[in-house]
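Down below is the structure, laid out as C-alpha cells.
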Amino acid sequence: MGRRPNDEKIEVVNIRMVKEPSIYSSEKIRSPEDVLKVIANELATYDREVFAVLNLKTNGQPINLNICSMGTLDASVVSPREVFKSCILSNSASFVAVHNHPSGSLSPSQEDKDVTSRLLACSELLGVKMLDHIIVAGETGDIYSFKSEGLLDQLRPPRAAWER
C-alpha cells in the first residue's frame with residue numbers, strides 16, 4: 001500500500017460529552033401549552049417558516065432548542081439528519097418538533113405530515129422518543145398539536161415483527 005498524498009488525509013473527529021448540559025428552561029414539558037410557554041418568544045420573531053426541536057431530559061426538562069431549518073414564507077426543508085444530530089449530541093431522551101406557519105394557518109400540510117412520519121420512523125430506530133409535533137400559527141400564537149389531535153399516533157409507523 002502506498003502513502004496518501006497530503007491532500008487526501010483522513011480527518012479524525014473527536015466527540016466529547018459536555019459534563020453538565022445547558023438547560024433551555026427549568027419548566028418541565030408536560031403539554032403542548034408548556035412547549036409554547038418555553039419557545040413562544042423565539043418563534044414569534046420569524047417572518048418565514050422555521051423548524052426546530054426542543055430536546056428534553058428524561059424528566060421532561062428542556063435541554064436546548066435547535067433550529068434545524070429556516071425556510072421561506074410557506075415552506076422549509078427538514079432533514080432527519082439535522083433533527084437527530086442535536087438530539088444525540090445533547091444526549092436527549094426525547095424531543096418535541098415545533099414549526100411555525102407565518103400565514104397563520106393551523107392546518108398541517110401534507111409535507112408536515114410526511115416530515116412527522118419520517119421523524120417518527122427515525123425516532124423508533126434511534127431510541128430518541130418523539131413526543132409531539134406542534135405548529136404555531138403566525139403572530140396569534142395559536143397551536144396545533146399532532147399528539148392532541150390524534151395525528152401523531154396515526155402517522156407512527158407499525159412496529160417491525162421482531163420488535164413486537
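Bear in mind these aren't lab numbers, they're just calculated from the coordinates by the rules spelled out. This one's a predicted model, so the numbers in the text were calculated from it and none came from an experiment. Neighbour counts are summed over all protein chains in view; Cβ atoms, including those assigned to glycine, are modelled from backbone coordinates with ideal geometry.
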Legend entry - Amide H within-cut-off set for Asp142, under 5 Å, with H built and near neighbours excluded: Ala137
Inset, instruction - State the extension gain, in nm to one decimal, for the chain segment bounded by Lys85 and Ser109, taking 0.36 nm per residue of separation less the distance between their alpha-carbons. - result: 6.2 nm
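Suppose we keep just the DSSP beta bridges with both residues in the stretch 24-155; what percent of those would be antiparallel, to 5?
70 percent
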Legend entry - Pairwise label distance in nanometres, Gln61 with Ile10, each label 7 Å out on the Cα-Cβ vector: 4.0 nm
Legend entry - the stretch 24-155, dipole about Cα centre (Lys/Arg Cβ +1, Asp/Glu Cβ -1), debye to the nearest 20: 560 debye
Inset, instruction - Under a cut-off of 20 Å between alpha-carbon atoms, report the lysines in cross-link reach of Lys147, not counting same-chain residues fewer than 8 places apart. - result: Lys28, Lys37, Lys57, Lys113, Lys129
Legend entry - Dipole axis of the stretch 24-155 (+1 Lys, Arg; -1 Asp, Glu on Cβ), positive-most option in Thr140, Cys68, Ala93: Ala93
Inset, instruction - Using amide H atoms built 1.01 Å from N in the peptide plane, name the residues 5+ places from Asp132, or on other chains, whose amide H lies under 5 Å from its own. - result: Ala97
